Amino acid sequence: MPINYYLFLSLALFSIGMVGVLTRRNAIIIFMCIELMLNAVNLLLVAFSKMHHLKNLATSATAGADGQLFVFFIMVVAAAEVSVGLAIIVMMYRNIHSVDIQFLNRLKH
Amino acid sequence: MNVTPYIFWFLSVLALFSALMMVTSRNPVYSVLWLIGTFFAISGHYILLNAQFLAVVNIIVYAGAIMVLFLFVIMLMNLNRETEPQKNRWLKFIGALAGGCLLLVLVAALKDAELKSQQAMVGGGSIGLIKVLGKELFTRYVVPFEISSLLFLSAMIGAAVIGKKETSQTLNS
């Protein structure tokens with residue numbers, strides 16, 4: 001497949017995640033949109049790694065494996081991030097009984 | 001007949017549609033389910049690119065562990081359509097407009113890039129297999145791999161500390 005298709009698919013997914021972050025007020029949904037944006041980047045990294053592999057197939061058999069390992073590390077970091085982030089959201093819900101980010105404007109004052 | 005383009009378009013439409021439904025559905029539980037659909041479509045793309053290890057990890061970690069965690073928290077808080085806070089219509093419109101502008105700018109910047117003629121290798125190549133990735137991971141990337149274990153340990157401790165029941169004294173201060 002042409003790499004352009006993967007590029008535009010990833011851009012579209014990333015933009016949808018961005019729209020979700022900007023239009024929703026539920027903290028959990030915003031968090032999920034961030035996960036969607038991470039996944040769009042992952043897809044693009046895999047596509048580029050396969051492109052690199054095809055290009056350098058003659059010189060090195062494992063060209064492009066770095067890209068896929070980066071995706072693996074992104075998933076590792078995302079898993080850690082989700083556990084801490086959800087703990088923070090649960091704590092926020094316990095304190096103000098809502099997950100509405102509208103109430104999180106205390107840094108403004 | 002080459003069936004790969006059809007699979008590609010089907011998975012792409014599925015991913016985009018699920019993502020749109022995730023953003024627009026009012027009920028948070030439906031949002032989670034649509035996001036799982038998106039993750040499965042992305043895993044399908046990984047399989048199409050012969051990145052089998054990442055496809056399996058994506059399903060296990062994202063669609064399995066992370067989304068179950070989200071679903072668990074949403075059900076714990078008993079969020080549903082009635083309690084869902086809504087932004088007013090203008091803010092939503094402006095947010096969608098800003099996201100559309102971002103997409104427009106990125107596409108306009110990248111549509112004439114030099115990689116136009118490049119191809120992503122579909123259905124071949126061995127770098128996505130667990131043998132090659134494991135060798136790389138445990139030779140050249142062994143230090144980041146060990147550091148990620150430290151990251152997990154700190155995340156575990158952090159989640160436990162944050163999620164602990166606070167005493168009333170710290171709440172008042």
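The values are calculated or read from the model by the stated rules, or taken from the named source; none is laboratory data. In this text, all values refer to a predicted model and were calculated from it rather than measured experimentally. As a convention, Cβ positions derive from the backbone with ideal geometry for all residues, glycine included, and neighbour counts pool all protein chains shown.
Restricting the search to helices (runs of 4 or more DSSP H) fully inside region B:66-170 and requiring at least 1 residues that are of a type outside the set (A, V, I, L, M, F, W, C) and surrounded by 13 or more Cβ atoms within 10 Å (Cβ to Cβ) gives B:89-110, B:130-139, B:142-163.
Restricting attention to region B:48-58, the residues being among the β-branched types (Val, Ile, Thr) and either buried (at least 19 other Cβ atoms within 10 Å of the Cβ) or part of a loop (DSSP other than H, G, I, E, B) (or both) number 1. Scanning region B:128-137 for residues that are without any contact (Cβ under 8 Å) to a residue 12 or more places away in the chain and in contact with a helix residue (DSSP H, G or I) (Cβ under 7 Å, 6 or more places away or on another chain), we see that the one that is farthest from A:LYS55 (Cα to Cα) is B:LEU137.
Looking at A:PHE31, A:PHE14, A:PHE73, A:PHE48 in this structure, which one is among the hydrophobic types (A, V, I, L, M, F, W, C), within 7 Å of another protein chain (Cβ to nearest Cβ), in contact with a helix residue (DSSP H, G or I) (Cβ under 7 Å, 6 or more places away or on another chain) and part of a helix (DSSP H, G or I)?
Working: A:PHE31 fails: within 7 Å of another protein chain (Cβ to nearest Cβ); A:PHE14 fails: within 7 Å of another protein chain (Cβ to nearest Cβ); A:PHE48 fails: within 7 Å of another protein chain (Cβ to nearest Cβ).
Being among the hydrophobic types (A, V, I, L, M, F, W, C), within 7 Å of another protein chain (Cβ to nearest Cβ), in contact with a helix residue (DSSP H, G or I) (Cβ under 7 Å, 6 or more places away or on another chain) and part of a helix (DSSP H, G or I) holds for just one of A:PHE31, A:PHE14, A:PHE73, A:PHE48, which is A:PHE73.
Residues of region A:76-94 that are farther than 21 Å from B:VAL142 by Cβ, free of Cβ contacts under 8 Å to residues at least 24 places away in the same chain and touching a helix residue (DSSP H, G or I) at 6+ places or on another chain (Cβ under 7 Å): A:SER83, A:VAL84, A:ALA87, A:ILE88, A:VAL90, A:MET91, A:TYR93.
Please indicate, with yes or no, whether at least one residue in region B:121-132 is among the small types (Gly, Ala, Ser) and under 22 Å from the mean Cα position of the chain (by Cα).
Step one: list which residues in region B:121-132 are among the small types (Gly, Ala, Ser), which gives B:123-126, B:128.
Going one step further and asking which of them are under 22 Å from the mean Cα position of the chain (by Cα), we end up with B:128.
Yes, the conditions are met somewhere in region B:121-132.
Would you pick out the residues in region B:100-152 that are β-branched (Val, Ile, Thr), farther than 19 Å from A:GLY64 by Cα and within 8 Å of another protein chain (Cβ to nearest Cβ)? B:VAL107, the sole residue that qualifies.
Contact map, region B:1-29: first residue within 9 Å of chain A (Cβ to nearest Cβ) and within 18 Å of A:PHE14 (Cβ to Cβ), second residue at pLDDT below 90 and surrounded by fewer than 16 Cβ atoms within 10 Å (Cβ to Cβ), Cβ cut-off under 8 Å, separation 6 or more or different chains; pairs are B:SER12/A:TYR5. For region A:8-26, a tally of residues being among the hydrophobic types (A, V, I, L, M, F, W, C), buried (at least 22 other Cβ atoms within 10 Å of the Cβ) and in contact (Cβ under 8 Å) with a residue 24 or more places away in the chain returns 3.
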